[in-house]
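Notes follow once the structure below has been shown.
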Amino acid sequence: MSLYALKPRFQALLRPRVTRLAERGTTANQVTLAAAAGSLIVGLGVAWLSDLRILFLLLPVWLAIRMALNAIDGMLAREFGQKSLLGAYLNEIADVVSDAVLILPFATLPVFGPFWTGAVIVLAVISEFAGVMGPMVGANRRYDGPLGKSDRAFVFGALGLWVGLGLPLPGWFGWIMPLAVLFLTLTIVNRVHKGLREARAKQADDGRSHDASL
């Protein structure tokens, strides 16, 4: 299960605004770059000034905005004829960079530390790579959970809210990052397994279709 399953409902809410943006000439690539630039500013800014805990409140706000921008750029591309090869590259690269910088501020908090936070960042990148590998083996782009991009946004947005409100960070909070590592590992395994299963099923269908045509 993953929050990604809620994406169609989220897109339906955004569709009127996306239509207006398209009418004004806004492109999918512009939205993608704006989301990446905002993520860099927020993530690096909060990490740099992490002693000001209130700045962590920027993370849940921006993560929600970023999810909306990610949905908008996809809808502009698919529904308004803006798909492009450059856009495909920008979308995937911007996502992993944004993920990394928005998780980075938690490395400055002693309860989480740089090691486990760094491990989460690395595995988040690998999980997206595993998803992108789907089309290379004959499957669709995989978005399986349990800790996909939307799920990470929820988890780290909630953590940012907690820290930003100045709530206590007890020692047991240190288990959050190792648990994220575990769930990201499961996410990678799921994406690889389901991608292979889908690709093999398509190969079998193609084989049956070929045999039937002989």
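Computed from the coordinates by the stated procedures, all read-outs in this text should not be read as laboratory data. Note that this is a predicted model, so its numbers are computed, not measured. Here Cβ is always computed from backbone atoms with ideal geometry, including for glycine, and neighbour counts include all displayed protein chains.
Tabulated data
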| item | result |
| --- | --- |
| D205 versus V137: modelled label distance in nm, points set 7 Å from Cα along the beta carbon direction | 1.8 |
| Anchor K194: lysines whose Cα lies under 16 Å away (excluding residues fewer than 8 positions away in-chain) | K202 |
| Within segment 1-69, chymotrypsin sites (Phe, Trp or Tyr not before Pro) in DSSP loop having at most 12 other beta-carbon neighbours inside 10 Å | none |
| Principal-axis tilt of helix 149-164 within the chain, Cα atoms, nearest 10 degrees | 10 |
| Stretch gain in nm, segment A64-F154, where the contour uses 0.36 nm per residue and the Cα spacing is subtracted | 31.6 nm |
| Of the trypsin sites (Lys or Arg not before Pro) in segment 1-83, those whose Cβ has at most 14 other Cβ within 10 Å and which sit in DSSP loop | R24, K83 |
| Principal-axis tilt of helix 113-136 within the chain, Cα atoms, nearest 10 degrees | 10 |
| Inter-part distance where segment 140-164 and segment 68-93 are each reduced to a Cα centre, Å | 20 |
| Sequence-separation-based contact order of segment 104-156, relative, with Cα cut under 8 Å and 6+ spacing, percent | 18 |
| Segment 79-214: relative contact order as a whole-number percent, Cα under 8 Å and 6+ apart | 30 |
| In degrees, nearest ten, helix 28-48 long axis to first principal axis of the chain (Cα) | 30 |
| Helix-only [θ]222 nm of the chain, DSSP H runs n ≥ 4, -39500 (n - 2.57) each, per residue, nearest 500 | -25500 deg cm²/dmol |
| Stretch gain in nm, segment K83-I41, where the contour uses 0.36 nm per residue and the Cα spacing is subtracted | 12.4 nm |
| Reachable aspartates and glutamates, given that their alpha-carbon falls under 18 Å from the alpha-carbon of K83 and they are not under 8 places away in the same chain | E23, D73, E92, D95 |
